[in-house]
Each structure stands twice: as structure tokens, then as C-alpha cells.
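A short reminder: the numbers here are calculations on the coordinates, not readings from a lab. Predicted model only: the values in this text are computed from it and were never measured. Heads up, the Cβs are rebuilt from the backbone with ideal geometry, glycines too, and the neighbour counts pull from every protein chain shown.
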Amino acid sequence: MEEQQYLRMWFESVDEDKSGSINSLELQRALEVGNLKFPKSIVDQMIRMYDADQNGVMSFEGNADSFLVINIKLVFHNVRISHLGLWDQGFLALNEVYQALQQAGFTLDEPSFYTACQSFDPNRLGKFKLDDYISMCIFLQSAKNLFGAFDTSRIGHITLDFNQFVYCAANLRV
């Protein structure tokens, strides 16, 4: 089955009220069925990432190619399977997290990588379950989107005044 058709079927099954869009409660329930348990704040952030008209829901149109959670889950499992590390326990070690992030399109320098890891590995165990890894990817994608909104010349550098910084920090709060 073509990926687009699979995503359409998945989307329609998650859209419990058949409204043509998915709200955070519907998405949270769908993720729990896949054994992915996220706090409401993370699920809300997922919705905001794909909520083009900022009405609190995401539609299938325009989002079919960018369902981040599905893509991230596939990368996580691919990296897990290809390494001997902690894969049999359902975790990624830090070097595997770094590789998975690169495959998912996130390039971070070492200090940024370790800072992000500390934020999403609060017990400092040096290993990530799938939901911790997805939470970090949601944060990184949100940061990337927000950064892109300010990097209008696409040079990889931005200058913010205090109000813009507060706006950014508030929008990245998970």
C-alpha cells in the first residue's frame, strides 16, 4: 500500500469524530494505542506543529508528508535494530540518539546535543525510550520551525530583541 494511502487511513482512524481534523485528545489516544504515552503538553505541541491556521487541530491536507511522529518512530527503530547497544531493552544509547537525530534531519553541535539530551533524560541515564526520543524531536522540530520564522534570509543566524526572545521561549515551552 502506498505510504500516502496508509497515512490517510491512519488519519481517518484517529479522527474519532469524523470532523476531518485531529485534536490533541484524539492524537493522544491514538499514540497511547501505539504504546506511546505523552503528557498533554507534548501532544499539544505536536498539534501546533501542524496547525497551519492555528485553530487547535491539524488536518490531513498539507500534513500527509510531514507526520513527524511516524517518521521519527521509524528512524528510532531503524537505529535500534542496526546497533547492538541497548536495542534489545527498547532504548537508544546517546550515540544512537545522535545518529537517529541526524537521520531525522537534525544536526546539532556537541554542546547543543548534550543539553537537549539532559532536558529529555532527566534521570541522566544516557538512554532514551521511544517516547523520550519523540519528545526531544518534537521540541527540536518546534525550535527549527520557530527559528526559521525569524531567519528570513536563511543564513542560519538570527538577532532577537527581548520581546522576540520571550515569544520564542514561550512557544517552545513543553
(message) Show me, for region 147-153, the HN-Hα J-couplings you get by feeding each phi into the Karplus relation (A = 6.51, B = -1.76, C = 1.60, θ = phi - 60°), rounded to Hz, glycine and proline as x.
(response) 4, x, 5, 8, 8, 5, 8
(message) Of Tyr133, Ser153, Phe165, which is farthest towards the positive pole of region 122-168's charge dipole, taken about the Cα centre with +1 and -1 on the beta-carbons of Lys, Arg and Asp, Glu respectively?
(response) Tyr133
(request) Compute the FRET efficiency between Tyr114 and Ser19 as 1/(1 + (r/R0)^6), taking r as their Cβ-Cβ distance and R0 = 45 Å, and round to the nearest 0.05. (result) 0.60
(request) Can you pull the one-decimal nm distance between simple spin-label points at Arg8 and Arg154, each 7 Å off the Cα toward Cβ? (result) 3.0
(message) Taking a ≥ b ≥ c as the square roots of the Cα gyration tensor eigenvalues, with a/c under 1.5 meaning rounded and otherwise prolate when a/b beats b/c, else oblate, which class fits region 134-174?
(response) oblate
